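Structure first, commentary second.
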Amino acid sequence: MENLLRLVDHEDFFSRRCIWVNGPIIVGAGPSGLATAACLREQGVPFMVLERADCIASLWQKRTYDRLKLHLPKQFCQLPKRPFPEDFPEYPTKKQFIEYLESYARHFEINPQFNQCVQSARYDETSGLWRVKTVSSSGATRNEVEYICRWLVVATGENAECVMPEIEGLSEFKGEVIHACHYKSGESFRGRKVLVVGCGNSGMELSLDLCNHHASPSMVVRSSVHVLPREVFGKSTFEFAVMMLQWLPLWLVDKILLILAWFLLGNIENLGLKRPSTGPLELKNTKGKTPVLDIGALAKIRSGEIKVVPGVKRFNNGEVELVNGEKLDVDAVVLATGYRSNVPSWLQEGEFFSKNGFPKMPFPHGWKGNAGLYAVGFTKRGLSGASSDAVKIAQDIGKVWKNETKQKKQRTTACHRRCISQF
């Protein structure tokens with residue numbers, strides 16, 4: 001706490017309300033942030049969670065489609081210290097997963113500070129503390145707060161902002177254009193011709209959902225993609241791969257998966273879906289590109305209910321021109337073009353994070369930086385990767401916390417302006 005006195009030499013320290021956090025600040029109340037908070041609670045370390053939305057797991061609650069289910073079995077998606085309820089199905093629904101997260105937050109007494117949008121976070125060399133500036137709005141009132149802490153955990157994740165592609169003429173397109181984060185159900189597109197830009201898990205599943213609601217989707221496939229069956233031999237493909245990796249090298253497991261995919265799904269290149277030259281697991285590990293797990297879209301492609309088309313060249317009113325010269329009449333466009341990290345927009349740091357918003361060090365070393373900086377949820381290995389990092393972060397901070405609390409008691413130091421000590 002004595003380091004806080006050094007901050008008074010900075011002119012802008014007096015310009016806003018200041019809150020001292022006696023423990024780490026976690027930025028983000030998604031699954032990664034909740035997992036880290038729960039592990040810190042188990043270590044006896046106080047913390048504060050800052051969340052820009054008005055709820056936990058805002059991506060799941062506000063930016064996912066209605067029919068979404070977890071793509072992997074629940075045992076690979078549960079957070080540390082608390083499994084899914086036994087009566088949940090193997091692939092929990094969106095609603096069930098949100099219920100699980102809310103129950104998780106209640107159990108570990110995680111109470112985020114909502115509507116706190118982090119504007120900047122930087123390490124103050126003079127004091128040896130992190131300065132996190134936030135803005136919150138309540139009606140016409142704009143509140144600025146500066147939080148001071150020793151440890152900063154970045155838990156905003158890989159999917160903080162949606163990616164909007166730049167396509168000629170898209171802004172002038174007369175029909176409806178939405179990103180997949182705003183798509184809820186194909187019901188509102190019934191009877192319409194819809195162009196789905198993107199062929200990942202979201203693009204495939206939205207195309208399937210549109211079909212099931214009697215729309216006519218055309219799915220843009222701009223690059224190669226691995227499509228695997230969701231299950232093989234009664235087990236999830238992911239579980240089967242994890243089991244094989246205990247005894248076999250990755251390259252051989254990749255070959256086995258591709259043989260099984262060919263046997264169960266057939267030759268998908270005849271459908272306009274070209275496979276990458278790199279195997280599905282190697283591609284996931286090196287590039288973070290997740291293979292598509294088929295839950296019915298391939299059957300619709302084979303029947304012609306989902307049309308596969310190449311990349312888009314330009315839009316012109318209600319018409320889209322493809323790179324092969326073909327022209328399509330479409331009524332609406334759904335951009336299943338993915339998400340990106342937003343860390344570079346607010347974290348003033350250049351050693352630990354790269355310009356793309358991910359830690360520079362690859363998994364499993366990308367969870368800890370310098371000067372009390374940590375990252376969780378950037379492993380490109382889903383919820384299991386986030387959980388692994390959350391445990392490490394809490395143990396690392398907990399070790400320091402326990403050693404220091406044995407040596408001295410916390411002291412509160414008065415400042416010339418109002419400084420509220422949390423916890």
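The values are calculated or read from the model by the stated rules, or taken from the named source; none is laboratory data. Keep in mind that this is a model prediction, so the values were computed, not measured. Cβ placement follows ideal geometry from the backbone for every residue including glycine, while neighbour counts extend to all protein chains displayed. Keep in mind that these areas ignore ligands, DNA and RNA; they rest on the heavy atoms of the full protein, side chains included. Shrake-Rupley method; radii C 1.70, N 1.55, O 1.52, S 1.80 Å.
Observations
- Cross-link table K193/K327; K360/K402; K307/K380; K287/K355, entries beyond 18 Å C-alpha to C-alpha: K360/K402; K307/K380
- Rounded percent of accessible protein surface that carbon and sulfur make up, the stretch 73-140, 1.4 Å probe: 43 percent
- One Cα centroid belongs to the stretch 331-356, the other to the stretch 106-167; the line between them spans 16 Å.
- Anisotropy class of the stretch 36-171 from Cα gyration tensor, a/c 1.5 cut: oblate
- Carbon-plus-sulfur accessible fraction, the stretch 156-208 (probe radius 1.4 Å, protein heavy atoms only): 49%.
- With at most 11 other Cβ atoms within 10 Å, longest stretch of the chain clear of loop GluC sites (Glu not before Pro) (DSSP): 167-325
- With all protein chains kept in place, the per residue accessible area of the stretch 238-371 amounts to 55 square angstrom at a probe of 1.4 angstrom.
- Cα-centre dipole for the chain with unit charges at Cβ (Lys and Arg positive, Asp and Glu negative), debye to 20: 720 debye
- Under 16 Å from the Cα of K74 - lysines, other chains or at least 8 residues apart: K94, K95, K235
- Of the solvent-accessible surface of the stretch 258-324, computed with a 1.4 Å probe over protein heavy atoms with every protein chain present, carbon and sulfur atoms account for 51 percent.
- Ranking by accessible area, most exposed first, for H179, H71, H214, H107 with a 1.4 Å probe: H214, H107, H71, H179
- Given the choices (i) 0.98; (ii) 1.01; (iii) 1.17, Rg/Rh (Cα atoms, Kirkwood Rh) derived from the coordinates of this structure is entry (ii).
- For the stretch 285-326: rounded, prolate or oblate by the Cα gyration tensor [a/c cutoff 1.5]: oblate
- For the stretch 32-83: accessible area per residue (Å², 1.4 Å): 37 Å²
- Of the trypsin sites (Lys or Arg not before Pro) in the stretch 212-297, those whose Cβ has at most 13 other Cβ within 10 Å and which sit in DSSP loop: K274
- The chain - share of DSSP beta bridges that are antiparallel (%, nearest 5): 45 percent
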